[in-house]
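Quick note: the coordinates plus some simple rules give every number you see, no bench work behind them. This is a predicted model, so every value here is computed, not measured. Here Cβ is always computed from backbone atoms with ideal geometry, including for glycine, and neighbour counts include all displayed protein chains.
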């Protein structure tokens, strides 16, 4: 559905995530939570800097993968819906939003 209640090609409301993708993201986030707690213990235990940096990089990569899930969903639902509506104003806004998202979140 888009903002007017129409279904997108994925069968979920625009701006929301299909249940299986949402479940995958939540599983990843729970794993990341465990990684961060382990990293906290490593700092508290005074582990070597290189070990700490390796784990920080691991957490960052895991978060990046969750961000990729969210970006893919955004492209498949919001962007696709806006472009299929054939509304030039909505398409222009969507392009602006996409550019903002790319510069803010994709690095």
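List of remarks:
- Estimated at 0.36 nm per residue, the fully extended path between residue 71 and residue 90 surpasses their Cα-Cα distance by 5.0 nm.
- Chain lengthening between residue 16 and residue 62 when straightened (0.36 nm per residue, less Cα-Cα): 14.4 nm
- Ranked 105, 74, criterion: other C-beta atoms within 10 Å, fewest first: 105, 74
- Shape class for region 19-105: prolate, because the ratio a/c of the largest to smallest gyration tensor axis (alpha-carbon atoms, square roots of eigenvalues) is 1.5 or more and a/b beats b/c.
- Between the C-alpha center of region 12-67 and that of region 71-93 there is a gap of 29 Å.
- Ranking of 77, 16, 89, 94 by count of other Cβ atoms within 10 Å, fewest first: 89, 16, 94, 77
- Segment residue 104-residue 40, length gained on full extension (0.36 nm per residue, minus Cα span): 20.3 nm
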